[in-house]
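First the structure, in the form of structure tokens, and then the observations on it.
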Amino acid sequence: MEQLPVILGIGAAALLAAVLAVRVSIRLGLPSLLLYLGIGVLLGESGLGIEFDDAILTQALGIAALVMILTEGGLTTRWSAVKPALGPGLALSTVAVWMSIAITGTALHWLLGLDWRMALLWGAVLASTDAAAVFSVLRGVGVSKRLAGTVELESGLNDAPAYIAVVVLATGTTVDWTLPLMIGYQLVAGLLVGLAFGWLGAQALRRAALPATGLYPLATVAVCLIAYSCGQLLEASGLLATYAAGVVLGNSRLPHRSDTLSFAEGLGWLAQIGLFVLLGLFASPERLLDSLVPGLVAGAVVLLLARPLSVLLTATPFRLPWREQAFLSWAGLRGAVPIVLASIPLAEGIPGAQRLVDAVFVLVFVLTLLQGATLGPLARVLKLSADGEPREIQVDSAPLDELAAELLQVHIRPGSRLHGVHLDELRLPTGATVSLIVRGGKGFTPDGASRLQERDQLLVVATEESRAAAERRLRAVDRAGRLARWKGELGG
């Protein structure tokens, strides 16, 4: 009890520093996880002197944090955004994972002299991309919805196959004809458990009359956690069950949905911060120096060989253009997930596991720094995003639960062809209307003759049925002007 004030004070100071670091990371265009890892290293044995080397506790806390991150990821995933990318997203999160494991393991077996089991274990640990790392960088790149949806779906789903592969290799599971059946069962059963709990949870929450608004977010998150627990108890993939339950709940008409999403987002940030700081605390700078070369070799194999080949072989059947395939190859950022997965063989006491953890830590830091700084420029070089010329307006939404409507906040950027368009020329669908225009910091209620200008902000109220059509129309006029439909621009 005497140390409790000190522990709480250090924890709160680290949390506050991590929150402030988000703003710094956005300005630099880098994932904030690098700064969080740095905070953990500074708190560790080479900084403030806090010693932490419990691999089993690190694994347990890491998996718990991943469950919370996947819960937030599922709840905030819009089905309309990922549906067009369902085919390539599923292929990248399953088939590409197995290909990456095989390619990476084979290469490291010859390059680093690892035995086959350890080499494949390295491949399995490095096969999963990290949603938090990807989207902290992808946020400002401005790629198409289909491409962003592919990356989002892959990052949300590929943790489960990678986790299964690591557990199989770390525990020495017998490899025979039953292994593919076992893996298939875990994935299919995990998906079914998640879908079932998501649907049942949505039905129950819509009918519940809870006494306080703040209880609905807690109940929603609890449903996702129960889905994870049941999935694991049924020897299925609890991680996949968590994400699937979150997607179903996040796309259902839940009471106080906006409060739930805000709570889940804050919980996700807390889990990410705690996880990355913990992993930084667990790392030892002295050991990292000895693992620099193996980490760089493994990183080069993943970045230049395994990832491009697995993307090429799985994305080509879906006729993705080579530019998008190149972007997908480079967008496979590694974050906290590989470090957490590397703690599993360490907790099992496998010889060489500590070297794997240290090498993965080095690899994650270097690849995140390299890919995070170059992902945006690469998208512009490949002509997948507009450089300076606004091709799409920015749209944020806040659900109006009682009215079954949503409030769209539209920013008209310089160069947008919405400039000069009269309000009645927008021809928004039935159920959507511009309720307010903010210009020069002052708001006014528009009429049909009101003329839009650059840097205006519009508040558009739209029903759930009309929202998608309203967004498409706004984007179409933003790109092609008032005659967008005549020019064949539909805002897709």
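The values are calculated or read from the model by the stated rules, or taken from the named source; none is laboratory data. Predicted model, so just to flag it, every value in this text is computed and none were measured. When we count neighbours, we look across all protein chains shown, and the Cβ atoms used for this are built from the backbone with ideal geometry, even at glycine. Side chains included, ligands, DNA and RNA excluded: accessible areas come from the protein's heavy atoms. Shrake-Rupley method; radii C 1.70, N 1.55, O 1.52, S 1.80 Å.
Let me spell it out: the conditions are (1) in contact with a helix residue (DSSP H, G or I) (Cβ under 9 Å, 6 or more places away or on another chain); (2) of a type outside the set (D, E, K, R); (3) modelled with pLDDT of 85 or more, and Gly184 meets all of them except one. Which number is the exception?
All conditions are met except number (1).
Among the residues of the range 323-354, write down those that are open to solvent by less than 20 Å² (accessible area, probe 1.4 Å), in a helix (DSSP H, G or I), over 21 Å from Met68 (Cα atoms) and aliphatic (A, V, I, L, M).
Leu328, Ala353 - these are the residues of the range 323-354 that are open to solvent by less than 20 Å² (accessible area, probe 1.4 Å), in a helix (DSSP H, G or I), over 21 Å from Met68 (Cα atoms) and aliphatic (A, V, I, L, M).
Mind listing whichever residues of the range 252-282 are outside any helix (DSSP H, G or I), surrounded by fewer than 23 Cβ atoms within 10 Å (Cβ to Cβ) and within 24 Å of the chain's Cα centre (by Cα)? Steps first, answer last, please.
At the first step, the residues of the range 252-282 found to be outside any helix (DSSP H, G or I) are 252-256.
Right, trim to surrounded by fewer than 23 Cβ atoms within 10 Å (Cβ to Cβ) and you get 252-253, 255-256.
Selection gives Ser252, Arg253, His256.
Quick one: in the range 53-91, of everything that is polar (S, T, N, Q), farther than 22 Å from Ala347 by Cα and open to solvent by 10 Å² or more (accessible area, probe 1.4 Å), which residue is modelled with the highest pLDDT? Before the answer, list the steps.
Kept after step one, since they are polar (S, T, N, Q), are these residues of the range 53-91: 58-59, 71, 76-77, 80.
Still in the running and farther than 22 Å from Ala347 by Cα: 71, 76-77, 80.
Restricting the remaining residues to those that are open to solvent by 10 Å² or more (accessible area, probe 1.4 Å) gives 76, 80.
Numbers: Thr76: 83, Ser80: 77.
The qualifying residue modelled with the highest pLDDT is Thr76.
So in the range 190-229, with the set limited to residues that are surrounded by 14 or more Cβ atoms within 10 Å (Cβ to Cβ) and β-branched (Val, Ile, Thr), which one is nearest to Leu249 (Cα to Cα)?
This residue is Thr220.
Note down all Cβ pairs under 8 Å where the first residue falls in the range 355-371 and is buried (at least 23 other Cβ atoms within 10 Å of the Cβ), the second is modelled with pLDDT of 85 or more and outside any helix (DSSP H, G or I), and they're at least six residues apart or on different chains.
Val360/Leu126; Leu363/Leu126
Please enumerate the residues belonging to the range 144-171 that are over 16 Å from Leu346 (Cβ atoms), assigned to a helix (DSSP H, G or I), out of contact with any Gly (no Cβ under 9 Å at 6 or more places or on another chain) and open to solvent by 40 Å² or more (accessible area, probe 1.4 Å).
Across the range 144-171, the qualifying residue is only Arg146.
Looking at (1) closer than 21 Å to Val357 by Cβ; (2) in a helix (DSSP H, G or I); (3) in contact (Cβ under 8 Å) with a residue 40 or more places away in the chain, find the lone condition where Phe52 falls short.
With (1) closer than 21 Å to Val357 by Cβ; (2) in a helix (DSSP H, G or I); (3) in contact (Cβ under 8 Å) with a residue 40 or more places away in the chain applied to Phe52, the lone miss is (2).
Quick check on my filter: what residues within the range 433-460 are surrounded by fewer than 19 Cβ atoms within 10 Å (Cβ to Cβ), assigned to a strand (DSSP E or B) and of a type in the set (A, V, I, L, M)?
Leu436, Val438, Leu459, listed by residue number.
Of the residues that make up the range 97-109, is at least one assigned to a helix (DSSP H, G or I), more than 30 Å from Asp259 (Cβ to Cβ), open to solvent by less than 20 Å² (accessible area, probe 1.4 Å) and in contact with a Pro (Cβ under 7 Å, 6 or more places away or on another chain)?
Yes: one or more hits.
If the requirement is being closer than 20 Å to Ile101 by Cβ, crowded, with 16+ Cβ neighbours inside 10 Å and aliphatic (A, V, I, L, M), which of these qualifies: Leu312, Leu320?
Details: Leu320 fails: closer than 20 Å to Ile101 by Cβ.
Answer to the selection: Leu312.
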